[in-house]
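Report on one structure; see the data block that follows.
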Amino acid sequence: MSQLALSEVLALVERLPEELSLAVFRRYGRPLDVPIPDEAPRTTLGSGNVIVGLSIRMPVDVIPNDYVILVAGSADPLVVPGPHFVAALDVLARALS
């Protein structure tokens with residue numbers, strides 16, 4: 001996923017029922033160990049939960065690593081690798097159709 005793809009993922013999250021995204025975070029989410037940059041793209045869900053897209057490229061990386069983060073109230077943020085998040089959402093969305 002590129003930075004453009006992160007914005008597409010956030011748009012997808014806005015179109016699907018919020019419970020789908022939350023289910024992916026409940027199953028695959030892990031605690032986030034780093035602060036979330038203020039400039040990271042984000043979307044606010046109906047419940048007030050915030051989904052953040054984060055693309056990180058370390059000096060040794062050939063391509064950036066993309067992550068999707070859930071910030072839910074005062075709970076610790078949860079992170080899921082971007083490709084896994086998209087694949088899980090896709091499967092759940094297809095199951096609903």
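Regarding region 18-29, can at least one residue be identified that is of a type in the set (Ser, Thr, Tyr) and either within 19 Å of residue 94 (Cβ to Cβ) or more than 14 Å from the chain's Cα centre (by Cα) (or both)? First the steps, then the outcome.
Step one: of region 18-29, the residues of a type in the set (Ser, Thr, Tyr) are 21, 28.
Restricting the remaining residues to those that are either within 19 Å of residue 94 (Cβ to Cβ) or more than 14 Å from the chain's Cα centre (by Cα) (or both) gives 21, 28.
Taking every residue of region 18-29 in turn, at least one turns out to be of a type in the set (Ser, Thr, Tyr) and either within 19 Å of residue 94 (Cβ to Cβ) or more than 14 Å from the chain's Cα centre (by Cα) (or both).
Here is a check on your reading of the model: is residue 36 in a loop (DSSP other than H, G, I, E, B) and touching a residue at least 40 places away in the same chain (Cβ under 8 Å)?
yes
Residue check: is residue 63 without any contact (Cβ under 8 Å) to a residue 24 or more places away in the chain, of a type outside the set (Gly, Ala, Ser) and out of contact with any Phe, Trp or Tyr (no Cβ under 9 Å at 6 or more places or on another chain)?
On the way: without any contact (Cβ under 8 Å) to a residue 24 or more places away in the chain: yes; of a type outside the set (Gly, Ala, Ser): yes; out of contact with any Phe, Trp or Tyr (no Cβ under 9 Å at 6 or more places or on another chain): yes.
For residue 63, the condition - without any contact (Cβ under 8 Å) to a residue 24 or more places away in the chain, of a type outside the set (Gly, Ala, Ser) and out of contact with any Phe, Trp or Tyr (no Cβ under 9 Å at 6 or more places or on another chain) - is met.
I'm told residue 35 meets every condition in (1) modelled with pLDDT of 90 or more; (2) exposed (fewer than 13 other Cβ atoms within 10 Å of the Cβ); (3) within 12 Å of the chain's Cα centre (by Cα) except one. Can you identify the failing condition by its number?
Going through the list (1) modelled with pLDDT of 90 or more; (2) exposed (fewer than 13 other Cβ atoms within 10 Å of the Cβ); (3) within 12 Å of the chain's Cα centre (by Cα), residue 35 breaks only (3).
Can you tell me how many residues in region 11-33 are under 14 Å from residue 77 (Cα atoms), assigned to a loop (DSSP other than H, G, I, E, B) and aliphatic (A, V, I, L, M)?
So the answer is 1.
Condition test on residue 23, is it surrounded by fewer than 16 Cβ atoms within 10 Å (Cβ to Cβ), among the small types (Gly, Ala, Ser), modelled with pLDDT of 90 or more and within 24 Å of residue 62 (Cα to Cα)? Outline the logic, then answer.
On the way: surrounded by fewer than 16 Cβ atoms within 10 Å (Cβ to Cβ): yes; among the small types (Gly, Ala, Ser): yes; modelled with pLDDT of 90 or more: yes; within 24 Å of residue 62 (Cα to Cα): no.
No, not satisfied.
The values are calculated or read from the model by the stated rules, or taken from the named source; none is laboratory data. Just so you know, these numbers come straight off a predicted model, no measurement behind them. Using ideal geometry, Cβ is built from the backbone for each residue, glycine included, and neighbour counts are taken over all protein chains shown.
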